[in-house]
Amino acid sequence: MLTDIQTCGASINLQASSWEQKILHRTQALPAERKWRRLERDAGAATEDISISRWTDARDAVRHAEATTPADRYFIAIALKSTRLKLTRGRQIIFDGVMPTGTLYVSAPSKHLSAQFHTPCDFLHFHVSPDYFPSRQLAARLPGVEGLNDLVVLRDPFVEQLAKALTEHGDTTDEEFAQCIGQTLAMHLARLEFPRTKVNALPKWRLRRVEEYVDAHFERCISLSDLAKVAGLSRMHFAAQFRAATGYRPREYLLHQRIAHAKSLLSRTETPLAEVALTVGFCTQAHFSTVFKRITGETPARWRCASKDALPSVEGIPQRADIVRRQPELCSLGEAA
């Protein structure tokens, strides 16, 4: 027969075991997908109105994947890092280009989609009940559009903040908190206001010319007029089409490319910060540090220290070994775009 102490101990152990199981269940709100958009479900488990998973692929080779959205779900993807990919349905191209961090993509129920990934990627995937998106309201706000199907919103700041809040503790997070984030995302999406006039994205051949020009002259003073001339468009049309294609204003894109090249210098050399600033096109170290911290979240000095043990990849631009020191008079920032 168990003593009172033994009985009490057994009860405590049982309670602790139940508590641990509950905690374990609550920290598996972001399961990793083994295959693209394939959400693993436990046999007999209740179906949630919103299920969340994460798709990460670090390979740098071209990969293909395809999936069909379930009949009782909308599919929502948020890009956690910038990646280059192509989305197609049959012969129809849904998206082809770079999806910046914070990009939102939505697919309606029962829709088949094929993807071609060209760079490493990291996505949050939300599988949401149609009850969150009343069809009549969508039809009123999106005339001529089939509900929320094939909607791409480049660099939505609010969506990017929701994703950061959900992933700040890695792939383990509180399940109730994850559900709250999912519901907030669905409400945000259902209330988005979309422009009545669609702006066509900059054609790929024009975009390629602009990217090559920026990569060759990023350290110089580049104005909006310069980029528009390279693309063969007026300033107004170029700025709108460039943002539709990349999610960036021309000036934002230029700053990101300069910071990307600065990362390469900081990680590969011991070049002083002031010289790095001049080399990548900033007139002062103070301005360089301000922009660097705004884009990366860290100062150049701290980023350099953190990168010494692991050489980071620079997204979106080819690695160059021929970066040389530039003269200060070439480094002023271009005309605001």
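Every number here is computed from the coordinates shown, using simple stated rules; none is lab data. Everything numeric here is computed off the predicted structure, so don't read it as measured data. Every residue, glycine as well, gets a Cβ built from its backbone with ideal geometry; the counts of neighbours run over all protein chains shown.
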**Prompt:** For a paramagnetic label modelled at 7 Å from the Cα of T56 toward its Cβ, which residues of segment 76-98 fall within the zone defined by backbone nitrogen distances under 15 Å?
**Reply:** 79-82
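Report the extension gain between F177 and R34 in nm, rounded to one decimal, defined as 0.36 nm multiplied by the number of residues separating them, less their alpha carbon distance.
Details: separation 143, 0.36 × 143 = 51.48 nm, distance 2.35 nm.
That pair, F177 and R34, stretches by 49.1 nm at full extension.
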**Asked** Amide H neighbours of N149 under 5 Å, counting only residues 5+ apart in sequence or on other chains, H built in-plane at 1.01 Å?
**Response** A108
**Request:** Compute the length gained on full extension between K164 and I93: take 0.36 nm times their separation in residues and subtract their Cα-Cα distance, giving the result in nm to one decimal.
**Result:** 22.6 nm
